[in-house]
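A.B. asks: Below you will find the structure I want to go over with you.
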Amino acid sequence: QRRVHGGKEVVKRAKGLEMNVVAWSRSLTPEIASSLGVTLLNSPLEVAAQSDIVSLHVAANADTKHLANKGFFEAMKPKSLFINTTRGNVVDESALSWALDNKGIRAGLDVFEGEPAAKSGDYQIEIAKHPSVYITHHIGASTDQAQDETAMEAARIINVFASTSVVDNCVNIQKTIPGTCLLTVRHLDKVGVLASVLNELRRANYNVQQMENIVFQGSEAACARIRYLPEAYGSSPREGDVIRNIQGIEFVLSAYVTMEYDLCEPSNKKQRTQ
């Protein structure tokens, strides 16, 4: 599984909002910075001094503890934004509190200094009480509400599939089917009708890619829609014969093909009904 780097993902979104991005990292080379479209600076303090919005994305270790300290916040622009979604000990919260009070800085946090290691327990986040701080869960999917919604959505998808055979949110269904023609067959709801239709398509070497059959109220009439890929549309005299053979099947009321030439014949983009 490909590891996602939070800093690079933030760069993508910032560039999408037409922001000018500056960055510093011990592992960021001029070549990588150029490929990302960001300006490489020499230190975290330079980033703090030049940015209207500062977002931290570093590992928590001895070198990064209190990376955002008093000097860092002194370097930041007044009334700028500070975001920390890495680890709590990267920020000196007393220094951040000073910046909130004295420089008008506003902060968005989802990690805090001194968080308990246990999954549950009482924990007072003093800095969260400040009116200029906005806090969220570090892992939003781990909230009770999110877990409940995930379970309900999974159950809904299963129920929909059980009642309709449709899988909602399926990620690997082909969205665009190249080179298809649509065969519409109106027929009586009798045994063997669709089998005979499919047999004619098989004999013509046409590859069926999608199909549905809708039965109307009273269970007497139905309509089948079959998308197929001809072996070589327009090159075989059998095309008209295939449709006529289908029209001649017992209990078939009508049959016709709708074709888009940009799908079935690249030389034309009009539609044709046979």
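The values are calculated or read from the model by the stated rules, or taken from the named source; none is laboratory data. Quick caveat, the model's predicted, so the values are computed rather than measured. All Cβ positions, glycine included, derive from the backbone under ideal geometry; neighbour counts span all protein chains shown. When the accessible area is computed, the model is the full protein with side chains, heavy atoms only, and any ligands, DNA or RNA have been set aside. Shrake-Rupley method; radii C 1.70, N 1.55, O 1.52, S 1.80 Å.
A.B. asks: Quick check: from the Cα gyration tensor, does the chain come out rounded (a/c under 1.5), prolate or oblate? Please report the intermediate quantities before stating the final value.
C.D. replies: On the way: a/c = 4.49, a/b = 2.50, b/c = 1.79.
Verdict is prolate for the chain.
A.B. asks: Accessible area of the stretch 163-222 with a 1.4 Å probe: how many percent of it is carbon plus sulfur? Working shown, then result.
C.D. replies: Values: 2020 of 4060 Å².
So the carbon and sulfur contribution to the accessible surface is 50 percent.
A.B. asks: For the stretch 35-167, what class follows from the C-alpha gyration tensor (a ≥ b ≥ c being the square roots of its eigenvalues): rounded when a/c is under 1.5, otherwise prolate if a/b is larger than b/c, else oblate?
C.D. replies: Working: a/c = 2.60, a/b = 1.89, b/c = 1.38.
Prolate, because a/c is 1.5 or more and a/b exceeds b/c.
A.B. asks: Okay, moving on. Which residue, Leu198, Leu56, Leu36, has the most motion in a Gaussian network model of the chain that connects Cα atoms within less than 10 Å?
C.D. replies: Leu198
A.B. asks: Which value, in debye to the nearest 20, gives the size of the charge dipole of the chain about its Cα centre, when Lys and Arg are +1 and Asp and Glu are -1 at the Cβ?
C.D. replies: Using only the charged Cβ atoms, the result is roughly 720 debye.
A.B. asks: I need to check one value: relative contact order of the stretch 20-142, counting alpha carbon pairs closer than 8 Å and at least 6 residues apart, in percent.
C.D. replies: The normalised contact order for the stretch 20-142 reaches 19 percent.
A.B. asks: Quote the charge dipole size of the stretch 163-228 about the Cα centre in Debye, to the nearest 20; the model charges only the Cβ of Lys and Arg (+1) and of Asp and Glu (-1).
C.D. replies: Computed about the Cα centre, the dipole is about 240 debye.
A.B. asks: Any idea how far apart Val22 and Ile173 come out in nm if each label point goes 7 Å out from Cα toward Cβ?
C.D. replies: Taking the two extended label points, one gets 4.9 nm.
A.B. asks: Ignoring any ligand, DNA or RNA, what whole percent of the accessible area of the stretch 1-62 comes from carbon and sulfur when the probe is 1.4 angstrom?
C.D. replies: Carbon and sulfur together cover 53 percent of it.
A.B. asks: Would you be so kind as to identify all helices of the chain, as entire DSSP H runs, whose Cα atoms reach 20 Å or more along the helix's own axis and whose mean Kyte-Doolittle hydropathy is at least -1.0? Can you show the working numbers first?
C.D. replies: On the way: long enough: 144-164 (30 Å, -0.20).
Flagged H segments are 144-164.
A.B. asks: Sticking with this one: Simple spin-label model, 7 Å along Cα-to-Cβ: Asp144 to Lys129 in nm?
C.D. replies: According to this spin-label approximation, the distance is 2.4 nm.
A.B. asks: Separate question: Under the rule of at least 5 residues apart or a separate chain, name every residue whose amide H is placed under 5 Å from the amide H of Gln209.
C.D. replies: Here the answer is Arg227, Tyr228, Leu229, since their amide H atoms fall under 5 Å of that of Gln209.
A.B. asks: Can you give me the accessible area per residue for the chain, using a 1.4 Å probe, in Å²? Before the final figure, lay out the partial values.
C.D. replies: On the way: 17870 Å² over 274 residues.
For the chain, the solvent-accessible area averages 65 Å² per residue.
A.B. asks: Let me check against my output: what whole-number percent is the relative contact order of the chain, with C-alpha pairs under 8 Å and at least 6 apart?
C.D. replies: Working: 388 pairs, mean separation 29.4, N = 274.
Relative CO of the chain lands at 11 percent.
A.B. asks: In debye to the nearest 20, how big a dipole does the stretch 13-101 give about its Cα centre with +1 on each Lys and Arg Cβ and -1 on each Asp and Glu Cβ?
C.D. replies: The dipole of the stretch 13-101 has a size of about 140 debye.
A.B. asks: I would also like to ask the following. Which FRET efficiency value, to the nearest 0.05, is calculated for Gln247 and Met152 with the Förster distance at 30 angstrom and r the Cβ-Cβ distance?
C.D. replies: For R0 = 30 Å, the calculated efficiency reads 0.05.
A.B. asks: While we're on this one: Indicate, rounded to the nearest 5 percent, the antiparallel portion of the DSSP beta bridges found entirely in the chain. If you can, show how the numbers build up before the last one.
C.D. replies: On the way: 26 of 40 bridges.
Percent antiparallel among DSSP bridges in the chain is about 65.
A.B. asks: Can you compute 3J(HN,Hα) from phi for each residue in the stretch 64-69, using the Karplus curve 6.51 cos²θ - 1.76 cosθ + 1.60 with θ = phi - 60°, rounded to whole Hz and x for Gly and Pro?
C.D. replies: 9, 4, 6, 4, 8, 10
A.B. asks: Rounded, prolate or oblate: pick one for the stretch 1-108, where a ≥ b ≥ c are the square roots of the eigenvalues of its C-alpha gyration tensor, a/c under 1.5 means rounded, and failing that, prolate if a/b is larger than b/c, else oblate.
C.D. replies: prolate
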